[in-house]
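So the structure is just underneath, and the comments pick up after that.
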Amino acid sequence: MTRKPAVAGTFYDADKNDLINSVEQSFLGKLGPGRLPVVKESRQGNVLGLVCPHAGYVYSGSAAAYAYDVLASDGLPDTIVLLGPNHYGTGASVALSMETQWQTPLGTIYVDTDTASAILQRSEFVQQDDIPHIKEHSLEVQLPFIQYIGGDRIKIVPIAIAHLDLDDSLKLCSDLGSAIAEALDGKSAVIIASTDFTHYESKERATNIDAEAMEKIINLDPVGLLHLVHEESISMCGAIGTAVMIEACKALGAKHARKLTYYTSGDVTGDVGEVVGYGALSVEKLSSL
């Protein structure tokens, strides 16, 4: 079974050559790293997890480029577990897609069905359900970046998470974080949490509260992140997936995290009245500073 692109032509270009150009401009643009990624021949395995945004490339592509630049410089993993929000609320609350392949204008990317099955077996909450993935963009927009640096060499495990209350979020964080860590133990893998930060607040407020959320990530504090997002009503759509990623990475040996970049849509459009925050962070075994 093949999952067809849902947002090609809206969140990113539908034409292959135009898409390659827009990905490259994400790296080279004024808000990006300023260079094209260089893939290290042998994987170092220091990068265990990443936080990466999922808006249209014109807005968040440069932040995403920072995450994928770090991934390329660490060497390519065999598998990427993708955790993103289910914006539409359809299907299972925690839905793992077992479609064998996902398509984008850059070609086909394959699902690591063995790792996916291992996560399903170990988690109380994850269900196999492709329905939430049909229209969802939060994971799809990661794929062209993955394909740009890795072609078809990297397989994915796509998991979409619906909005949950605080208690259920905390339970899922422990359950799914452990399940992913156990399934990835001994494998060459990275976990990417797809999220934007604050939505439709002033640039000043967004920058301030997003800094608090990023501090929780940098401190490898998934429980603190979930409490903060709940108590401060931070509209960080992928907070649960981010907390799960941190929990899993800690179990896999993460000791360090760092902010790669942060900006808002106001830095792209000039409108600072209502912005969306875009950040990229890396969770690692050792400090790379």
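Shape analysis of the chain yields a ratio of the Cα radius of gyration to the Kirkwood radius, Rg/Rh, of 0.92.
Of all DSSP-defined beta bridges confined to the stretch 2-284, some 50% are antiparallel rather than parallel.
Checking every one of the trypsin sites (Lys or Arg not before Pro) in the stretch 1-110 against DSSP loop status and a limit of 11 other Cβ atoms within 10 Å picks out 30, 35. Computed 3J(HN,Hα) for the stretch 244-261, one whole-Hz value per residue from the Karplus formula 6.51 cos²θ - 1.76 cosθ + 1.60 where θ = phi - 60°, is 4, 4, 4, 4, 5, 5, 4, 5, 8, x, 5, 10, 8, 9, 8, 7, 8, 6, glycine and proline marked x. Remark: the stretch 99-107, residue by residue, has Karplus-estimated 3J(HN,Hα) of 4, 6, 8, 10, 10, 9, x, 8, x Hz, where x stands for each Gly or Pro and the curve is 6.51 cos²θ - 1.76 cosθ + 1.60 at θ = phi - 60°. Estimated from helical segments only, the mean residue ellipticity of the chain at 222 nm is -12000 deg cm²/dmol, where each DSSP H run of four or more residues counts as -39500 (n - 2.57). Proximity of backbone amide H atoms, modeled 1.01 Å from N, is registered between residue 195 and 52, 54 at under 5 Å, excluding neighbours fewer than 5 places apart on the same chain. When 230, 133 are sorted by how many other C-beta atoms sit within 10 angstrom of their C-beta, beginning with the fewest, the order is 230, 133.
Phi angles of the stretch 182-193 translate, via the Karplus equation with coefficients 6.51, -1.76, 1.60 and θ = phi - 60°, into HN-Hα couplings of 5, 5, 9, 4, x, 9, 8, 8, 9, 10, 10, 9 Hz per residue; Gly and Pro are given as x. Over the C-alpha atoms of the stretch 128-224, the Rg to Rh ratio, Rh being the Kirkwood estimate, stands at 0.98.
Counting only lysines at least 8 places from residue 155 when in the same chain, those with an alpha carbon closer than 30 Å to its own are 4, 16, 40, 135, 171, 187, 216, 250, 255, 259, 285. The Cα center of the stretch 13-45 and the Cα center of the stretch 105-150 differ in position by 21 Å. Here the Kirkwood formula puts the hydrodynamic radius of the stretch 81-170 at 13.4 Å, using every distinct Cα pair.
Only the coordinates and a few stated rules stand behind these numbers; no lab work does. What you see is a predicted model; the values in this text were computed from it and never measured. Note that each Cβ is placed from the backbone with ideal geometry, even for glycine, and that neighbours are counted across all protein chains shown.
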